[in-house]
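Mind having a look at this structure? Questions to follow.
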Amino acid sequence: APLESYAGGAARCGQKGFSASLNLLVPREVKDQSPFAASAAAGFAFAPALNAFRILQLGKINMVSYQRTCLSYASPAGLAKFAKNTALFAPGEAVRMMTCFGTKDALMNFMPARLREPPATAAGVAERSLLLAAALGPAVAVVETSVSLATETATLLNAQAAGEGSLHEAMALAMRPAYLSRCWVALLAKNVLANSTTFFFMFAADFASNA
């Protein structure tokens, strides 16, 4: 449900922070030349780690503690379930990384050169980072929210079709316009806040390291 998307905040922040760190580790030249491919490759390669955060958040949504969720996978059967789940999740995570950080890096290529150059002072870094985060955070959130909702719905339906529940019931719930609209608005609000905040620190770190 829309409000339940805010449960498991610690796991979600951890996933966002980990994703941002992956993006910062990609050389600027690579991001400038192939922003979407670079982000997609990072998301696919590190899907197991990103999926771990996702599973913890889903556990919280279902009122299961992080500790209990971890213990439920601490067995050969649990690890096999995790591997299967990650295989389903990896392509979607690659797309989400591409639509979030790939879109950010692509939009940066259209920014004036003066906004892309590292400022000379710490105050300039903070001001420039705030400006770029305020401009790109909401724009990226619209793209990311739309794609995330589509891929999460597809993953849910795929899991139901694989025998984990009723496909008919899942489709009846997921395809309702009112439900999709509430989910989109709730996710958009969360992504605008998360992206704007994350991008501020990312731009500041990038400018500081390239000053």
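Would you check if residue 18 is under 12 Å from the mean Cα position of the chain (by Cα), touching a residue at least 24 places away in the same chain (Cβ under 8 Å) and farther than 17 Å from residue 202 by Cβ?
Considered against the rule, which asks whether it is under 12 Å from the mean Cα position of the chain (by Cα), touching a residue at least 24 places away in the same chain (Cβ under 8 Å) and farther than 17 Å from residue 202 by Cβ, residue 18 comes out as no.
If you don't mind, another one. Go through 10, 106 for me and flag whichever is under 21 Å from residue 192 (Cβ atoms) and either of a type in the set (S, T, N, Q) or open to solvent by less than 20 Å² (accessible area, probe 1.4 Å) (or both).
Just a single option satisfies the conditions, and that option is 106.
Quick check on region 88-97. Is at least one of its residues closer than 22 Å to residue 131 by Cα and β-branched (Val, Ile, Thr)?
No.
What are the residues in region 116-134 that are open to solvent by less than 70 Å² (accessible area, probe 1.4 Å) and of a type in the set (D, E, K, R), if any?
Answer for region 116-134, where residues must be open to solvent by less than 70 Å² (accessible area, probe 1.4 Å) and of a type in the set (D, E, K, R): 116, 128.
Taking region 142-159 as the search range and keeping residues that are among the small types (Gly, Ala, Ser) and open to solvent by 30 Å² or more (accessible area, probe 1.4 Å), which one is farthest from the chain's Cα centre (by Cα)?
The selected residue is 154.
So, one more: Kindly evaluate residue 198 against the criterion of being modelled with pLDDT of 90 or more, in a helix (DSSP H, G or I), open to solvent by less than 20 Å² (accessible area, probe 1.4 Å) and β-branched (Val, Ile, Thr).
no
Return only the number of the condition from (1) at positive phi; (2) touching a Ser or Thr at 6+ places or on another chain (Cβ under 9 Å) that residue 63 does not satisfy.
Checking residue 63 against (1) at positive phi; (2) touching a Ser or Thr at 6+ places or on another chain (Cβ under 9 Å), the one that fails is (2).
Moving to a separate point now. Can you tell me which of 113, 172, 139 is surrounded by fewer than 17 Cβ atoms within 10 Å (Cβ to Cβ) and modelled with pLDDT of 90 or more?
Going through 113, 172, 139 in turn, just one is surrounded by fewer than 17 Cβ atoms within 10 Å (Cβ to Cβ) and modelled with pLDDT of 90 or more: 139.
Can you find even one residue in region 101-110 that is under 13 Å from the mean Cα position of the chain (by Cα), part of a helix (DSSP H, G or I) and modelled with pLDDT under 90?
So far as region 101-110 goes, no, none of its residues is under 13 Å from the mean Cα position of the chain (by Cα), part of a helix (DSSP H, G or I) and modelled with pLDDT under 90.
Separate question: Considering only helices (runs of 4 or more DSSP H) fully contained in region 31-93, which possess at least 2 residues that are open to solvent by 20 Å² or more (accessible area, probe 1.4 Å), among the hydrophobic types (A, V, I, L, M, F, W, C) and touching a residue at least 12 places away in the same chain (Cβ under 8 Å)?
Hits in region 31-93: 35-45, 47-61.
Evaluate region 105-113: report whether one residue or more is more than 25 Å from residue 188 (Cα to Cα) and not acidic (Asp, Glu).
Yes: region 105-113 contains one or more residues that are more than 25 Å from residue 188 (Cα to Cα) and not acidic (Asp, Glu).
The values are calculated or read from the model by the stated rules, or taken from the named source; none is laboratory data. What you see is a predicted model, and the numbers here were worked out from it, not measured in a lab. Virtual Cβ from ideal backbone geometry, glycine too; neighbours counted across all protein chains shown. SASA here: full protein model, heavy atoms, side chains in, ligands and nucleic acids out. Shrake-Rupley method; radii C 1.70, N 1.55, O 1.52, S 1.80 Å.
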